[in-house]
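Engineer: Got a structure here, written out as structure tokens. Questions coming.
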Number of protein chains: 2
Amino acid sequence: MSKNNNAPYRLYLTEDQMPKQYYNLRADMKELPEPLLNPGTKKPVTLDELSVVFCRELARQELDNETRYLDIPKEILDMYRIYRPSPLIRAYNLEKYLDTPAKIYYKFEGNNTSGSHKLNSAIAQVYYAKQEGITSLTTETGAGQWGTALSEACSYFGIPLTVFMVKGSYQQKPFRKDVMRTFGAEVIPSPSNTTEVGRKILSEIPDTTGSLGCAISEAVEKAVATKNSRYVLGSVLNQVLLHQSIIGLECETAFKILGEYPDVVVGCAGGGSNLGGLIAPFMREKILGNKDTRFVAVEPSSCPSLTRGKYAYDFCDTGKMTPMARMYTLGCDFIPAPNHAGGLRYHGMSPIISKLYHDGYMEAVSYKQTEVFDAAVLFAKKETILPAPESSHAIKGAIDEALKCKETGEEKTILFGLTGTGYFDMTAYSQYLDKTMTDYIPSDDEIAKYTKNVIM
Amino acid sequence: MSKNNNAPYRLYLTEDQMPKQYYNLRADMKELPEPLLNPGTKKPVTLDELSVVFCRELARQELDNETRYLDIPKEILDMYRIYRPSPLIRAYNLEKYLDTPAKIYYKFEGNNTSGSHKLNSAIAQVYYAKQEGITSLTTETGAGQWGTALSEACSYFGIPLTVFMVKGSYQQKPFRKDVMRTFGAEVIPSPSNTTEVGRKILSEIPDTTGSLGCAISEAVEKAVATKNSRYVLGSVLNQVLLHQSIIGLECETAFKILGEYPDVVVGCAGGGSNLGGLIAPFMREKILGNKDTRFVAVEPSSCPSLTRGKYAYDFCDTGKMTPMARMYTLGCDFIPAPNHAGGLRYHGMSPIISKLYHDGYMEAVSYKQTEVFDAAVLFAKKETILPAPESSHAIKGAIDEALKCKETGEEKTILFGLTGTGYFDMTAYSQYLDKTMTDYIPSDDEIAKYTKNVIM
């Protein structure tokens, strides 16, 4: 093999090399994602309408399709400096095991206590809220990564936080809850008696284990009912992809230092926050016609929004309280099968990612849970990092790309996003090791049922 | 304040700057630690005797007091490169919160799946064993960090591993067990029916939750009874401190780059493996009379070997199967109170650390569990890393040193070792947050009872 094996295992940028601006991919897209709609009027939401839900600056970022580069405030950079830059790692051992001519790189975002990339946007959202005099925040969390990241950011900036955690997760993942409490957050199992919507659901279904939709509703209700409070969200939104662009920007600089450029970029796709950030600068080069990189979104077969959903206007939440977005969706009432272990359970997909996929800039594949865990365990053994189930979808996608290169003999450079660690997902690993993990693929009828009310 | 605030938050050495040799502090000690004794003959153990327990090269390293620098084999460096160098981090936020003129640095060894520094020695021990044709390994684990690290190293080098895990931990920390299984290790709750000593104990006390001493005995029995098998140990031994010297050597290089030198080095002390590695090059400069750095070992009040134990010959294990070492000991039958959450439960202390402490080169302090967790939660909130309970002893020690500087106005440079993360210790954090965590300090009578048979 003639491939360059002189690259370091891990490349860390110096602080000087770290991005000082976020990059807004919308400013370079040939066609923009469809605007958010006010569900009452069915007209594009205005800045004023959106500012009721989000603080003004975040609402502005959500609607800003023009500004190409946005300065990152010093206070945000200061907190990034505690855990960033994240390393770009060459998977030499995985390459060797696969016997592939491909070069496999991964951007590892799990090197912080939240254990995932979610912290990148949490810090920004808390900072902007604090700047505008917001004195408390609310959010929901399912798998717990977003709630953990937000707890850290709120602790750092001194803003009280209430997290509504889906009761099922609260009970099954008590350690996750305790990490949030360690960072000072109040964690309430949802549904709860602290909100009207919670009390209503509890009176109807007293033994419910809750849902993400219900937790969102409770968090929004509490934020609206509390003076100077706002609700924050960790994925899907344009503002979140904007903040997450630092992942891709760091990769771009690192590849320049290495004298490389990715031929294929692979990322797991839940709401699209990591994927959108990872691909941003590389997608710009593709849109501008400078490069012909392939982009592969990897999703679970049990929640296949891109590969089997409809590109349509739908609600972002099951509670139908949010603006409507045009995106690939399985329908806002779709709930993945309970055997599905990872956090990629969202019915929809970032409008930016949806638009790029719809316009042919990206590909998408789906994998079954057990084959994703095959890849996760192989990766752990070869690269010594225990990956989160979500991230392991990208690992599986990257391995398959590398195996294609083995067949064709192509020395492609593959980049994938390793979004986080699996320390709080050992129940799923246990099931896999004990061979009790099962797969689920929704039927066409099931998908048709949940997507019949979306607005094409 | 005039102190230099231009240092980066995190300094990572480049691969070129990483140590290529281990440093053997014994070669520079004015007086050597006492030799290990054969418990039968009470004479110093020979290389041949020790080679029955450890592979030849590791036995040689254990007895080698002369070789100052030992080349690290390429295969070991290759695996180090996957997760090393570990960062040296400036705790700017903690400094600010404490309002101290001191500069606080910490060496963070938790950036790998094993979650601790244990991997540094695990890799070396597995490599040398494999070189000599050893085809399987056994070990014991209590808290689980060593077992996890060894599982990773064995997976990487392709050596089957059996881990005897104290049954109480096996039941209370099922996730820890599953991490080891993910890396391919066989994990057996101890006592078990797979060994003679296990069956004997089970017949006497059927519902025992096991002990570290029993797990060691089972692991040794299995290694001895299996062809080409050896038993390996993760702390206390001279060879382990030799491998862990890379922690201190990386720090030394990083401080050179920063133009700094530590006035105080603080480390948590269980068996002494991290502490011994962290201090090695700085202690050399003190021994040689070039620097006057203070060294502070921090141990839990519930297991105070340095501060309240005897400096005497004792067994390294409760099963009394190992050679005897002269060390600070609470007696090999001492077992810390069950309310003690961390991994610092060892009755003895590395002979090297013991000798340095005995000869006045080091200080030691002990802290109560709840005050250690006060420090842990403060650190998490300010520095965004969730520390292991063990590491948090060093945090508490460093905070107290920084507060002393606040009183005196001294701009000291403090270095402490952050040995690992607390992801698998959330039960202890829960107890702390729920205010059900209690402290325990053994009485003088209790310590006298367990130390009455040691050989002064």
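The values are calculated or read from the model by the stated rules, or taken from the named source; none is laboratory data. Here the structure is a predicted model, which is why all the values come from computation and not from measurement. In this analysis, Cβ positions are derived from the backbone assuming ideal geometry, glycine residues included, and neighbour counts consider all displayed protein chains.
Engineer: Check B:ARG230 against each of (1) buried (at least 24 other Cβ atoms within 10 Å of the Cβ); (2) assigned to a loop (DSSP other than H, G, I, E, B); (3) among the basic types (Lys, Arg) and name the one condition it does not meet.
Structural biologist: For B:ARG230, the exception is condition (2).
Engineer: What residue, among those in region B:361-391 that are within 25 Å of B:PRO442 (Cβ to Cβ) and hydroxyl-bearing (Ser, Thr, Tyr), is farthest from the other protein chains (Cβ to nearest Cβ)?
Structural biologist: Looking at residues that are within 25 Å of B:PRO442 (Cβ to Cβ) and hydroxyl-bearing (Ser, Thr, Tyr), I get B:SER366.
Engineer: Then there is this: Taking region B:81-121, which residues are buried (at least 24 other Cβ atoms within 10 Å of the Cβ), part of a helix (DSSP H, G or I) and either more than 11 Å from chain A (Cβ to nearest Cβ) or acidic (Asp, Glu) (or both)?
Structural biologist: Hits for region B:81-121 are B:ASN120, B:SER121.
Engineer: Please determine, by comparing only the residues of region A:176-191 that are more than 14 Å from chain B (Cβ to nearest Cβ) and buried (at least 21 other Cβ atoms within 10 Å of the Cβ), which one is farthest from B:LEU433 (Cα to Cα).
Structural biologist: The initial filter retains those residues of region A:176-191 that are more than 14 Å from chain B (Cβ to nearest Cβ), namely A:188-191.
Those still in the list that are buried (at least 21 other Cβ atoms within 10 Å of the Cβ) too: A:188, A:190-191.
Numbers: A:ILE188: 15, A:SER190: 21, A:PRO191: 23 Å.
It comes out as A:PRO191.
Engineer: Restricting to helices (runs of 4 or more DSSP H) lying wholly in region A:332-435: which have 3 or more residues that are surrounded by fewer than 20 Cβ atoms within 10 Å (Cβ to Cβ), touching a helix residue (DSSP H, G or I) at 6+ places or on another chain (Cβ under 8 Å) and in contact (Cβ under 8 Å) with a residue 40 or more places away in the chain? Even if it seems obvious, please write down each step before you answer.
Structural biologist: On the way: elements: A:351-358, A:369-383, A:389-408, A:426-433.
Here the list reads A:369-383.
Engineer: Do you know which of the residues in region A:281-292 that are in a helix (DSSP H, G or I) and among the aliphatic types (A, V, I, L, M) is nearest to A:GLY343 (Cα to Cα)? Working first, answer last.
Structural biologist: Kept after step one, since they are in a helix (DSSP H, G or I), are these residues of region A:281-292: A:281-287.
Now drop any that are not among the aliphatic types (A, V, I, L, M), which leaves A:283, A:287.
Details: A:MET283: 25, A:ILE287: 30 Å.
By that ranking, first place goes to A:MET283.
Engineer: In region A:17-41, which residues are surrounded by fewer than 17 Cβ atoms within 10 Å (Cβ to Cβ), in contact (Cβ under 8 Å) with a residue 12 or more places away in the chain and over 21 Å from A:GLY276 (Cα atoms)?
Structural biologist: A:GLN17, A:ASN38, A:PRO39
Engineer: Return a yes/no flag: does region A:237-248 have any residue that is assigned to a loop (DSSP other than H, G, I, E, B) and modelled with pLDDT under 95. Show your work before the answer.
Structural biologist: Going through region A:237-248, the residues assigned to a loop (DSSP other than H, G, I, E, B) turn out to be A:237.
Subsequent filtering for residues that are modelled with pLDDT under 95 retains A:237.
There is at least one residue in region A:237-248 that is assigned to a loop (DSSP other than H, G, I, E, B) and modelled with pLDDT under 95.
Engineer: Evaluate the following for A:ASN120: is it of a type in the set (S, T, N, Q) and modelled with pLDDT under 95? Even if it seems obvious, please write down each step before you answer.
Structural biologist: Working: of a type in the set (S, T, N, Q): yes; modelled with pLDDT under 95: no.
Considered against the rule, which asks whether it is of a type in the set (S, T, N, Q) and modelled with pLDDT under 95, A:ASN120 comes out as no.
Engineer: Sticking with this one: Could you count how many residues in region A:195-220 are surrounded by 21 or more Cβ atoms within 10 Å (Cβ to Cβ) and assigned to a loop (DSSP other than H, G, I, E, B)?
Structural biologist: Number satisfying all stated conditions: 3.
Engineer: Return the total of residues in region A:165-204 being in contact (Cβ under 8 Å) with a residue 60 or more places away in the chain and of a type outside the set (A, V, I, L, M, F, W, C).
Structural biologist: 3
Engineer: In addition: Residue by residue through region A:330-346, note down the ones that are among the charged types (D, E, K, R) and within 16 Å of the chain's Cα centre (by Cα).
Structural biologist: At the first step, the residues of region A:330-346 found to be among the charged types (D, E, K, R) are A:333, A:345.
Of everything in region A:330-346, just one residue is among the charged types (D, E, K, R) and within 16 Å of the chain's Cα centre (by Cα), namely A:ARG345.
Engineer: Output the residue which, of all residues in region A:122-164 that are assigned to a loop (DSSP other than H, G, I, E, B) and without any contact (Cβ under 8 Å) to a residue 40 or more places away in the chain, is farthest from A:GLY213 (Cα to Cα).
Structural biologist: Kept after step one, since they are assigned to a loop (DSSP other than H, G, I, E, B), are these residues of region A:122-164: A:132-135, A:142-144, A:158-160.
Next cut, without any contact (Cβ under 8 Å) to a residue 40 or more places away in the chain only: A:158-160.
Details: A:GLY158: 28, A:ILE159: 24, A:PRO160: 23 Å.
Checking each candidate, the answer is A:GLY158.
Engineer: Here's something else I'd like to know. Would you check if there is a residue in region A:393-402 being more than 14 Å from chain B (Cβ to nearest Cβ) and more than 27 Å from B:ASN111 (Cα to Cα)?
Structural biologist: There is at least one residue in region A:393-402 that is more than 14 Å from chain B (Cβ to nearest Cβ) and more than 27 Å from B:ASN111 (Cα to Cα).
Engineer: A follow-up question, please. Which of (1) surrounded by fewer than 24 Cβ atoms within 10 Å (Cβ to Cβ); (2) part of a helix (DSSP H, G or I); (3) in contact (Cβ under 8 Å) with a residue 40 or more places away in the chain; (4) touching a helix residue (DSSP H, G or I) at 6+ places or on another chain (Cβ under 8 Å) is the odd one out, the single condition A:LEU278 does not satisfy?
Structural biologist: So the condition that A:LEU278 fails would be (1).
Okay, residues lined up against (1) away from chain A (no Cβ under 12 Å); (2) crowded, with 24+ Cβ neighbours inside 10 Å:
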position	(1), (2)
B:CYS154	no, yes
B:PRO174	no, no
B:ASN193	yes, no
B:ALA225	yes, no
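Engineer: Among the candidates A:MET283, A:MET321, A:MET349, A:MET327, single out the residue that is of a type in the set (A, V, I, L, M), under 26 Å from A:VAL166 (Cβ atoms) and more than 16 Å from the chain's Cα centre (by Cα). I'd like the intermediate steps shown before the answer.
Structural biologist: On the way: A:MET283 fails: under 26 Å from A:VAL166 (Cβ atoms); A:MET349 fails: more than 16 Å from the chain's Cα centre (by Cα); A:MET327 fails: more than 16 Å from the chain's Cα centre (by Cα).
Among A:MET283, A:MET321, A:MET349, A:MET327, only A:MET321 is of a type in the set (A, V, I, L, M), under 26 Å from A:VAL166 (Cβ atoms) and more than 16 Å from the chain's Cα centre (by Cα).
Engineer: For region B:18-27, check the following and say yes or no: at least one residue is modelled with pLDDT under 95 and part of a helix (DSSP H, G or I).
Structural biologist: For region B:18-27, residues modelled with pLDDT under 95 and part of a helix (DSSP H, G or I): absent.
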